[in-house]
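One structure below.
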Amino acid sequence: MDVRFLHTTDLHGALGETDDTAGPGRDRQGLVHLAPFVRHARAKARNCMLFDTGDTLQGTLICDLVARGDLDMPPPHPIIRAMNALGYDAAVPGNHDFDYGAAFFLDSFRHARFPLTCCNLLNKGDAAPRERSALPSHLVLSRRFTDTAGVPHDLRIGVIGCLPPKTLEWDHHLSVSYDIPDMVDSVRQELTTLRAKGCDLTVVLAHSGLDTPGTDGRENVLLALARLDGVDAVFGGHTHQAFPGPAGAALPDLDEKNGLYHGTPIVMSGTSASHLGVVDLSLAAMDKGRWQVTARSARLLPVRDGNRPALPPDPEIASISRATHDRAQGFMKQKVGETRRPLTSFFSLMANDSVLQLVADAQAAYLRDIRRRAGLPDLPILSAAAPFQTGAAGPDHYCHVPTGPLTQHSLADLYCYPNAFCAVLADGAALRTWLEHSASVFNRVTPGCPVVQPLLDDAVPGYSFDVISGVTYRIDLSQPARFDATSRLQNPEARRITDLRWNDAPVTDDMRFLVASNSFRAHGTGFRRDHGYETPPAIVLEAATWNRDILRDYVQRHSPLDIAPRPIWSFAPLGGARALMRTAPAARAYLDDPALPLVEDLGDTEEGYMLLRLTL
């Protein structure tokens with residue numbers, strides 16, 4: 001008998017052919033183009049099941065609008081409607097599925113025609129873990145499969161789901177009602193139960209990535225799960241990596257070509273419907289009606305062929321996507337203000353820019369307005385903002401709002417995540433450590449070196465780079481980064497942040513500031529002692545208001561905007577050392593910006609980026 005398992009993950013609301021997070025015209029893959037692969041792969045298999053490993057409900061502006069009720073759409077949620085149409089067999093939630101609250105998550109999946117499972121999402125209480133399960137801790141799915149001779153057999157497929165305990169940090173509101181214990185221990189306990197129930201095959205659906213060296217065991221554990229006795233396949237996600245593939249290179253005992261770890265198939269299917277995962281198992285009948293796996297293989301089917309979808313859109317999913325998209329367009333075209341200068345993130349990682357300045361000013365104004373009512377101390381107000389679009393998803397992945405009207409689309413381009421406002425109290429020492437974390441986005445650059453060196457450390461995402469408005473400072477790239485890509489202390493004596501000043505006076509360790517920020521920075525990445533903070537910034541205000549709404553209100557009050565970036569930070573001179581950085585070709589129109597360091601246009605790369613050479 002042959003059994004095929006299909007897999008998707010981290011769909012992040014990707015339904016159609018345009019990315020409504022930032023506005024019309026941004027091409028992306030979506031479920032509309034993945035669906036034909038599902039139908040084709042299913043049609044070629046006698047026995048097939050389809051699974052998903054979470055982060056389904058969040059990721060586009062349309063997802064935000066549905067969650068807030070702005071579109072007045074009847075249930076089910078559009079992405080759930082599409083998944084129902086494709087006939088999923090089971091799924092596990094991801095951490096981002098709780099971004100709009102547990103109630104919205106539960107209500108959305110109430111309309112799913114497939115079951116959820118999660119063995120380590122527990123209601124708080126004193127009862128035994130299994131009695132506190134918020135979702136079924138495992139599933140036993142009975143399926144009538146046929147063998148290669150066409151004879152039917154009833155098989156029992158055990159399915160166990162799990163998600164990272166760190167979800168309680170990223171979506172801190174969950175900690176009031178839920179516990180999330182260790183993934184591996186929780187799955188191990190469920191395997192014992194499934195063996196007792198006589199399952200023929202058992203798969204693990206984990207919203208988790210590969211546990212490569214240096215990763216957090218509370219977040220990425222796929223290899224550890226694959227080592228557990230009785231697991232026939234592991235399906236992961238969370239990190240948006242595609243595996244089988246280079247993501248597993250150089251890991252011992254991991255076959256990155258065939259996706260096998262000690263003989264167990266592992267699949268991670270990218271993000272936003274970029275790939276379909278396929279695991280094929282060959283079974284042989286044993287005594288007493290039991291089956292044994294005799295051959296295993298894992299592979300990925302990329303949805304795109306070069307720059308284009310490989311298959312035409314699926315008509316059924318296209319209909320769902322189009323109806324949702326059309327309903328959202330009226331809202332997204334609403335005018336909220338006007339700007340007299342273009343707002344872009346083309347140079348956010350090399351110079352001060354107008355997007356971060358606008359966001360920081362809006363957050364600071366909100367904190368000033370609410371400080372007295374919130375009972376906060378009368379301290380200097382700073383504001384931290386990070387660039388969200390810095391080319392990680394391609395040469396078009398930059399914020400670019402031209403001069404003229406500002407719409408709801410524009411706001412989503414300027415601030416594309418549904419973060420809530422937070423304010424923290426930080427002393428001078430914590431502020432300096434915070435900025436050292438931010439400076440980890442850069443590589444070390446040797447002063448005066450004639451060799452051109454890459455400016456950015458690709459292991460650190462651009463959104464880690466907070467610019468803190470209200471102070472001024474320099475970043476000395478001749479120093480090594482104090483922290484690694486996971487915010488762990490690696491060079492305690494390194495000092496990249498120099499000349500940190502407030503009101504033209506040096507910032508001392510005992511100074512205190514109120515810093516406007518967001519829920520992701522305050523909770524998601526966290527200010528913890530094990531991240532090098534002697535006295536971590538303390539959260540003093542958490543608002544239910546989204547930062548995007550704060551930005552909208554600020555734009556409406558201050559339009560027409562005329563935002564020019566203030567000189568907050570700069571690179572320390574390095575004797576003419578040169579560094580390479582890529583950005584969007586559209587940035588050529590702005591190379592004469594006086595806020596930029598000395599740059600030279602080196603043309604476009606094969607991937608479509610513009611390459612710049614900076615002189616420091």
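The values are calculated or read from the model by the stated rules, or taken from the named source; none is laboratory data. What you see is a predicted model, and the numbers here were worked out from it, not measured in a lab. Note: ideal-geometry Cβ built from the backbone for every residue, glycine included; neighbour counts use all protein chains shown.
Just a few scattered comments:
- Within the range 318-333, the presence of a residue that is in contact (Cβ under 8 Å) with a residue 12 or more places away in the chain, buried (at least 21 other Cβ atoms within 10 Å of the Cβ) and closer than 30 Å to residue 426 by Cβ is excluded.
- Of all residues in the range 340-369, those satisfying the criterion of being free of Cβ contacts under 8 Å to residues at least 60 places away in the same chain and surrounded by 24 or more Cβ atoms within 10 Å (Cβ to Cβ) are 345, 355.
- Just one of the listed residues (129, 181) is at pLDDT below 95 and in contact with a helix residue (DSSP H, G or I) (Cβ under 8 Å, 6 or more places away or on another chain), namely 129.
- Candidates in the range 249-260 are the residues that are crowded, with 18+ Cβ neighbours inside 10 Å and farther than 20 Å from residue 6 by Cβ; of these, the one that is nearest to the chain's Cα centre (by Cα) is 256.
- Residue match in the range 117-130 (condition: surrounded by 15 or more Cβ atoms within 10 Å (Cβ to Cβ), in contact (Cβ under 8 Å) with a residue 12 or more places away in the chain, hydroxyl-bearing (Ser, Thr, Tyr) and more than 20 Å from residue 15 (Cβ to Cβ)): yes
- Residue tally, condition assigned to a loop (DSSP other than H, G, I, E, B) and within 15 Å of residue 210 (Cβ to Cβ), over the range 225-240: 5
- Count - residues of the range 403-415 that are in contact with an Asp or Glu (Cβ under 9 Å, 6 or more places away or on another chain) and assigned to a loop (DSSP other than H, G, I, E, B): 1
- Of everything in the range 539-568 that is out of contact with any Phe, Trp or Tyr (no Cβ under 8 Å at 6 or more places or on another chain) and among the small types (Gly, Ala, Ser), the residue that is surrounded by the fewest Cβ atoms within 10 Å (Cβ to Cβ) is 544.
- Criterion applied to 208, 186 was being farther than 29 Å from residue 2 by Cα, at pLDDT 95 or above, surrounded by 20 or more Cβ atoms within 10 Å (Cβ to Cβ) and not β-branched (Val, Ile, Thr), and the one residue passing it is 186.
- Residue match in the range 286-298 (condition: aliphatic (A, V, I, L, M), touching a Pro at 6+ places or on another chain (Cβ under 8 Å) and either surrounded by fewer than 19 Cβ atoms within 10 Å (Cβ to Cβ) or assigned by TED's automatic domain parsing to the domain that holds residue 182 (or both)): yes
- Count of the range 225-240 residues which are surrounded by 19 or more Cβ atoms within 10 Å (Cβ to Cβ) and farther than 22 Å from residue 4 by Cβ: 3
- Filtering the range 287-318 to residues that are under 17 Å from residue 245 (Cα atoms) and of a type in the set (Val, Ile, Thr) leaves only 303.
- Residue count for the range 101-116, restricted to those that are crowded, with 20+ Cβ neighbours inside 10 Å and either touching a strand residue (DSSP E or B) at 6+ places or on another chain (Cβ under 7 Å) or touching a residue at least 60 places away in the same chain (Cβ under 8 Å) (or both): 2
- Within the range 103-125, the presence of at least one residue that is part of a loop (DSSP other than H, G, I, E, B), at pLDDT below 95, not assigned by TED's automatic domain parsing to the domain that holds residue 520 and not basic (Lys, Arg) is confirmed.
- Some residue of the range 272-280 being surrounded by fewer than 22 Cβ atoms within 10 Å (Cβ to Cβ) and not in a loop (DSSP other than H, G, I, E, B): yes
- The residues of the range 479-510 that are part of a loop (DSSP other than H, G, I, E, B), surrounded by 18 or more Cβ atoms within 10 Å (Cβ to Cβ) and in contact (Cβ under 8 Å) with a residue 60 or more places away in the chain, listed by number, are 496, 507.
- Positions within the range 525-552 being in contact (Cβ under 8 Å) with a residue 40 or more places away in the chain and either outside the structural domain of residue 355 (by TED's automatic domain parsing) or part of a helix (DSSP H, G or I) (or both), in sequence order: 525, 526, 530, 531, 547, 548, 550, 551, 552
- Residues of the range 553-596 that are assigned to a helix (DSSP H, G or I) and either under 26 Å from residue 417 (Cβ atoms) or under 28 Å from the mean Cα position of the chain (by Cα) (or both): 553, 554, 555, 556, 557, 558, 585, 586, 587, 590.
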